[in-house]
Amino acid sequence: MSFFQKKSDKKQNINLTSNAAENKQVIYQALGESADITSRTISVDKQNQISMVLLYINGLVDQKIIQNMVLETLMIEMDEQTKQEVAQTPKDIQSIYQEFSLIAEELQTIEELILAILNGDTVFFIDGKTSGFSIKTQGDQTSRGVQQTTTQQVVRGPKDSFTESIDTNVALVRKRIKDPNLWSKKKVIGSKTHTTVVYAYLNGVVSSDLVTEVEERLSKIEVNSILESGNIEEFIQDETYTPFPTVYNTERPDAIAAGILEGRIAIFVDGTPDVLLVPVLFKHFLQSPEDYYQRSDIATLLRWLRTLALFLSLLTPSIYIALTTFHQEMIPTTLLISLAAQREGIPFPAFGEAVLMEITFELLREAGIRLPTTIGSAISIVGALVLGQATVEAGIVSAMMVIVVSLTAISSFVFPSYNFGISIRILRFGFMTLAATFGLFGIFIGLLLIVMHLVGLRSFGMPYLTPIAPFNKEAQTDTLLRLPIWKKTKQKKPN
Amino acid sequence: MFYLGAFSILIFYLELKRIRSTKNKKESYIFAVCMVVVAPLLTLQIGEVIDFRIVDAYIWAMHPISSPFMHLFNQ
Amino acid sequence: MIEKISVKQFAMLAFVNLIGTSIIFIPTVAANYGEQNAWIIVLVTTFVGIFVVLMYTLLFLKNKGTNIYSLIEKLLGKKLGLLIILIFMSYVFLNISANLWTVTQFISVQILVGTPSTVVIFMNISTAVIAVRSGIEVLTRTAEVFFPFIVLSLILLCVMVLPEVRIENVLPILKSNKLNLFLGGISILSFTFLELVILLGIMDDVDEKEKLNKYFLIGSIPASLMITFITLLCILVLGVEPTSDYTYPIYVLGQKINIASFIQRIEGIGAFIWFFTNFFKICTSLYVLMKGIKHITKTKDDKIWTIPISYLIFSCAYNGYNSTFYDFDHTTYVPITIIVGFFIPLLLFIVSFIKKNSNTFNKT
Amino acid sequence: MRNKLLLVQLIIVLSILTGCWSSRELTDITLATTLGIDKIDDEFQVTLQVLNPNEIAGGTNITTQSAISNYSATGKTIFEALRQLTKVTPRKVFLSHLRLVIYGEEVAKEGIGDSLDFLVRDHELRTDFMVIVARGSTAEQLMTIFTPLEKIPANKVISSIEATHDFLGIGKLMYIDNLINTVISKSKQAVVTGAYMKGNMESGSRLENVEKISPDALVYIDHLAVFNSDQLIGWLNEEESKGFNYITDEVKNSLVSVKLKDGLLALEIKKSNTSLKFKDNKGKTEMHIDISSEISVGDVDTNFRIENQSDVKQIEAAVETKIKQLCQLSIDRAKEMKADIFGFGENIKQYNYDKWKEWEDDWTEQFIDLPVKINVSANLENSGVIKKPFFYKIKENRKED
């Protein structure tokens, strides 16, 4: 709230008058006489002399509360005598509402009142009083219920996912961690959107430095609008110019709960189902929440598979290019002959072919996401048939290249985290260029540069590649391996 | 050689900008002088326009110290 | 922010530095001197190496873990100290450029034929400069990431080439020219352990210095044993003559791998090992060199020197060794290494011993 | 950080701008699998057999084109001749996949040393190709009748050599590195498998040769070329070649036929181990060859019945004599050619270094005078799946008729 106050100081303050209708008019004008503002005028005394004006925005409030509680309280529950008293001492209205567990606050300035209305509260004025009152009447008709997760699906494990409502989201986590040490702090960010941002952590497990760091980074944000957690992410991440995400986002409550239990901090943003988790390490992107629900040996193998997929999706096309254009001596003779036969008559160099196919694949993928599911499958048919079959038969692309590209494509979808797959895809093009220029040597150089970049990265003070470099023996139980949970003697801090 | 020259100028500009941003005047001068001396000379040398050999000179300079051992290994 | 590396990381750096260039040259050098007994020479140098390593760490620890440069200055005074520092630094410089030159030579002879060596050197040195500018922490961690792969490749190479072994190749054992064994030993020592003198430059970045002794040995001895084993394998698989004739025996060793006609043509594994170990060796040396320059010039920002110095290295690696290569190894490099790697530390050791004694004498 | 990123981008962009020097697309190279070396009037003639990938691996569009083509060129050195080849080959020749090098008999007699250097020095050539000598012809002639049975004739020849080596005990698998090792070694002389062609050369070189059930011309492998240093000095025939393999412990599986009771008995050598021992007893030097082999009965062509221990002993004794005879033959032949092809010198060097030092300079003479004692012990393991030979019964049936 302080944030808002600071901004509003610059504005001209219009004081409230004692006439309720006038006040209503002022607010109407301030809001541009928007169509969705509703007002109701009620007289509180028999003589119809003292009137009371209720103001709210139609879609934001719960009509039931207004009907049943706010209005009925005034009209039915109060007897004549009280009404008279109210007219004289409006202060008591507050206590009446509080009696019926509707919170009523006394607000002095127009700005505060407007903010309250925009938040979905109901504001009322009473003749003769130079202050307004707000009642909590927020009703969330806009939000959907808790549904199945769409981005990070698991076979085994909870299927619920976060929604657009921040209260629901925090509640989903609290349902999993019933501990008094689960603390959550609220912030309002965005001078136009006034988005609620809540960060939650397990006190005692989390390092206090991390909490202050998050607190500090969040309060440094100065921006008009926060529409999604991605906006927050851009402000708080350590390094902007990196293809690797340094903040984790997920819509799975169990992943967030697990992260909080590990001593990390979750950042909820109102209006988005994507919740952020900091700090995040490289290894987390190769892990799925499901790993902990599966048998440990299977989970371990799956992690190895994902690590393999990481290398495959990053390096397959570039190694193919390097081997076929620079190091033919490293390909077994018979394989080389069949490769050579396939490439016979193909107009592009291997690099051109690879770039062409990779870009085509990226286009297909992007198109597949945007389209409705029904047409999405049509895209994949077009991709598979037209591009796979026809290009090979037309002699534009060799069959091996189609195999290489599809292998890369499949591997890049293995990662549980979608945004990590994107960064790998970007880097792949760099590697392809290096391979086309320097062969294996270029790939070596590329690997060195990438690793150097990765070890230099930090996520909220933690080295990005933590359990690997700097090497931590204890953390190896849950990095590439996933040992049975009882092997991990106690819950550890991430460092 | 042309590319190396172009690269030298670019890198010179970027690095100088970086050092200037640390507000350390003396060091940016040192850097500038070093680069102005070293870069053109070596770019020309790598382009084989001039013949300038550091290692040979070094070996020649180290010769008095290392020659007793050289005899040992030369037999 | 003071950057620190752990003692384990130091051991790893020692391993990588020792393997570095030597893995590709030692088999040739050793086979030249020792014929069938090449591996015995390397094995013997491993034992001698223990003392060399102990000398380095003792020298460092006895002087309360100060930086090598300030240590030299403290023990030998300002003027003589400066001279020794300059010799030391010029050696490091020579080491970097020679290593860079050899790796470039290898790449342009075996891997990228036709690519101008300028470009290969350029790529290498640029990457190294980026690494050094990111600091010792990033450097060691990068090495840490690649370390398991390097070790794995070494083991794979050794295991996969085992079926090609012919025992007769190493016979007769210990029947050779004795003087050659001695000279070979000295050469090999200077290619392996004496080069580790450069690591004195990063010892003060280690955080648990009292354990250095143990971990330096843990890092370097297995590396030396690895080289012994590779030498032995080269002789067992290729024979004495080819080992001493090939410029890159380990690469030929990789070509020999043929398991069930399926796993074959994977000589890239040798290139991988060599390229990466050599790269980290160059980086470590470059870092030490930067430290030295910073020490002499007393600039706050040592990054300003990286680019001019890398130009110098570039130029040396480009054509500095062309005229001298064939006799460079034993006429120049070995003597200089012996001086810098053995006599200078020995001198420092003796001086520090005398100083300490005279100090205690004065006190009592 | 941004600065550093820019630097990385710069490096990449700059390096790409300057081009890709050493890349070669698969469509720009042609794979050579066999290299033939001959000598014509002081000049090397190099014949390369290159593959036509489309014919070998192409799925649907197989044409009548041959899967292989031969190209020849001459030059003062091998390297020069190879470069001359670019005049005739449609693309750059790629040598890394060379499987076989064939020397013509003439060039082998003159010495192969000149050409060996190129074969190891050139970075494109790996060290895993096999070397053979064309007996009685030039390499080029031999290569023209290579039958594309396996589509890659070089592979066919190699597997055929391997098969003869493994199942007959003749021939020698000589790879280039081993050959060089032997050629430069004082204590050993090289032997290389010889290949020669039989049949009509004219029609053998045509493509139809493959289409016939019994081709007009075939490549045979049985003789061994013996080298003194790098010069071809003679041939070992099949028997001597077998003896050579027994002595050098290279017999994996072979057969011997012995005569017993007026008939032939073919025996399979299942395993054979040889150990060489040099004995130096008070100046009396002797080379001991101990061969122990396991045999089994392969084919009985007589009414010899293996019923008791003495029959077994009889067979074993016959086999022992036979093997001894083979070895003796090849030793005699080697001594005649003054070439220590068995590596006796090597053995002495390895186990009796002092004696070797003494003999090193006049090893050839010493080799000729060195007495060799051969000791063979054969051990019959089994007699096949039948007890009595059918032959016996057939004979009896005939009598009854």
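Read the figures in this text as sums done on the coordinates, not as results from a lab. The structure presented is a predicted model; accordingly, all values stated were derived computationally and were not measured. Positions of Cβ are generated from backbone atoms using ideal geometry, with glycine treated the same way; all protein chains shown enter the neighbour counts.
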Compute the whole-percent fraction of alpha carbon pairs in chain A spaced more than 31 Å apart.
-> 58
At a Förster radius of 30 Å, what calculated FRET efficiency corresponds to the Cβ-Cβ distance of D:Glu336 and D:Thr248, to the nearest 0.05?
-> 0.95
Applying the span-like rule to chain A (DSSP H, Cα extent along axis at least 24 Å, Kyte-Doolittle mean at least -1.0) gives A:296-325, A:350-370, A:418-456
In whole Å, how far is the Cα centre of the range C:301-316 from that of the range A:337-394?
-> 46
Spin-label point model (7 Å from Cα, Cβ direction): what's the D:Tyr220 to A:Ser219 distance in nm?
-> 9.9
Estimated FRET transfer efficiency (A:Phe311, A:Ile422; beta-carbon r; R0 22 Å; 0.05) | 0.80
Ranked by how many other beta carbons lie within 10 Å on average, peptides C:159-166, C:306-313 from highest = C:306-313, C:159-166
Here the whole-number average of other chain Cβ atoms within 10 Å per Cβ of B:31-44 is 4
Over all residues in C:44-57, what is the mean tally of Cβ atoms on other chains that come within 10 Å of each residue's Cβ?
-> 0
Peptide ranges A:50-57, D:83-90, B:3-10 listed from the most packed, as the mean C-beta count within 10 angstrom indicates | A:50-57, B:3-10, D:83-90
Inter-site label distance for A:Lys178 and A:Ala367 at 7 Å from Cα along Cβ, in nm | 5.2
Quickly estimate the mean residue ellipticity at 222 nm for chain A, helices only: each DSSP H run with n ≥ 4 gives -39500 (n - 2.57), and the total goes over all residues, rounded to 500.
-> -13500 deg cm²/dmol
Quick one: if you stick a label point 7 Å off each Cα along the C-beta vector at D:Glu43 and A:Glu33, how many nm between them?
-> 10.4
Treat every Asp and Glu Cβ in chain C as -1 and every Lys and Arg Cβ as +1, leave all other atoms uncharged, and give the resulting dipole magnitude about the Cα centre to the nearest 20 debye.
-> 1280
Just the number, please: percent antiparallel of the DSSP beta bridges in the protein assembly as shown, rounded to the nearest 5.
-> 80
Rounded, prolate or oblate: which fits the range A:225-321, taking a ≥ b ≥ c as square roots of the Cα gyration tensor eigenvalues, rounded meaning a/c under 1.5, else prolate when a/b beats b/c?
-> oblate
Packing-wise, with mean Cβ within 10 Å as the measure, how do B:20-29, A:302-311, D:287-296, C:225-234 rank, highest first?
-> C:225-234, D:287-296, A:302-311, B:20-29
Along the Cα-to-Cβ line of A:Thr360, 7 Å from the Cα, sits a label point; which residues in the range A:370-396 have backbone N less than 11 Å from it?
-> A:383-396
Check each of the chymotrypsin sites (Phe, Trp or Tyr not before Pro) in the range C:126-215 and keep only those in coil by DSSP with at most 10 other C-beta atoms within 10 angstrom; list them in order.
-> none
How long are the three semi-axes of the equivalent ellipsoid of the protein assembly as shown, in whole Å, if each is the root of 5 times an eigenvalue of the C-alpha gyration tensor, listed from largest down?
-> 77, 42, 30
Between B:Val37 and D:Asp354, what FRET efficiency comes out of the Förster formula 1/(1 + (r/R0)^6) with R0 = 60 Å and r the beta carbon distance, rounded to 0.05?
-> 0.40
In degrees between 0 and 90, to the nearest 10, how far off the longest principal axis of chain C does helix C:7-19 point, with axes built from Cα atoms?
-> 50
Amide H contacts under 5 Å for D:Ala190, placed H, 5+ residues apart = D:Phe227, D:Ser229
Dipole of the protein assembly as shown [Lys/Arg +1, Asp/Glu -1 at C-beta], most positive-end residue of A:Gly157, A:Ile422, A:Leu336 | A:Gly157
For peptide A:341-348, compute the average count of partner chain beta-carbon atoms within 10 Å of each residue's beta-carbon.
-> 5
Could you give the angle, 0 to 90 degrees to the nearest 10, between helix C:268-297's Cα long axis and the longest principal axis of the Cα atoms of chain C?
-> 10
What pairs in A:Lys136/A:Lys159; A:Lys187/A:Lys220; C:Lys256/D:Lys87; A:Lys473/C:Lys211; A:Lys64/A:Lys192; C:Lys79/C:Lys291 have C-alpha atoms more than 22 Å from each other?
-> A:Lys136/A:Lys159; C:Lys256/D:Lys87; A:Lys64/A:Lys192
Chain A: longest stretch without exposed GluC sites (Glu not before Pro) (DSSP loop, at most 13 other Cβ within 10 Å), sites themselves excluded?
-> A:223-495
Going by the alpha-carbon gyration tensor, a ≥ b ≥ c the square roots of its eigenvalues, is the range C:103-167 rounded (a/c under 1.5) or, if a/c is not under 1.5, prolate (a/b greater than b/c) versus oblate?
-> oblate
